[in-house]
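*Asks:* Dropping a structure here in structure tokens format, bear with me for questions.
Here, each number is a calculation from the coordinates, and none is a lab measurement. Since the model is a prediction, treat every value here as computed from it, not as a measurement. Here the Cβ is made from the backbone with ideal geometry for all residues, glycine too, and neighbour counts use every protein chain on show.
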Amino acid sequence: MSDPIVYFELAGLDAGKLREFYGDLFGWDIGIGNAISAASTGGLNGGIRQDPAEKVLYIGVPDIKLRLEDIEIAGGVTVLPRTEVPGVVTFALFRDPAGNLMGLAELGSFQH
């Protein structure tokens, strides 16, 4: 089985403006903490955060540490190692060979 995309984040300096833009334009249900409902995006949960502009796709994997080793061997770079946010998610960040920032989420660790 392939590893699925399980979450996405959109960031910008004005999270409120992003919330309004995506909520109004695309009809996304954006709730408390700027969580984007999977029911409104066609099945994928997401979030908005107030940071410099970027987008991150999170790929669900069974073991982040092992997958980061594979990523490094394949030419990627670990940006943030396996990190646990209790009751929320276990995740990591990496850059692919082209420099794209991507995330990993340990399957079974995240709350929807």
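*Asks:* Give me the one-decimal nm value for the distance between modelled label points at residue 101 and residue 35, 7 Å along each residue's Cα-to-Cβ direction.
*Replies:* Taking the simple label geometry, residue 101 and residue 35 are separated by 2.3 nm.
*Asks:* Which of 46, 87, 60 moves the most in a Gaussian network model of the chain with Cα springs under 10 Å?
*Replies:* The residue that fluctuates most here is 87.
*Asks:* Next question. If I compute semi-axes √(5λ) of the Cα gyration tensor in Å from the structure I just sent, which labelled value in (i) 23, 15, 13; (ii) 20, 17, 13; (iii) 25, 16, 12 lines up?
*Replies:* It is the value labelled (iii).
*Asks:* Put a dot 7 Å past each Cα toward the Cβ at residue 109 and residue 8; how far apart are the dots in nm?
*Replies:* 2.3 nm
*Asks:* Rounded to the nearest 500, what is the 222 nm mean residue ellipticity of the chain from helices alone, with -39500 (n - 2.57) per DSSP H run of 4+ residues and division by all residues?
*Replies:* So the helix-based figure for the chain works out to -6500 deg cm²/dmol.
*Asks:* At 0.36 nm per residue, and after removing the present C-alpha to C-alpha distance, how many nm does the segment from residue 57 to residue 20 gain when stretched out fully?
*Replies:* Extra length from residue 57 to residue 20 when fully extended: 11.2 nm.
*Asks:* Nearest 10 degrees, 0 to 90: what angle lies between the long axis of helix 15-26 and the longest principal axis of the chain (Cα atoms)?
*Replies:* 80 degrees
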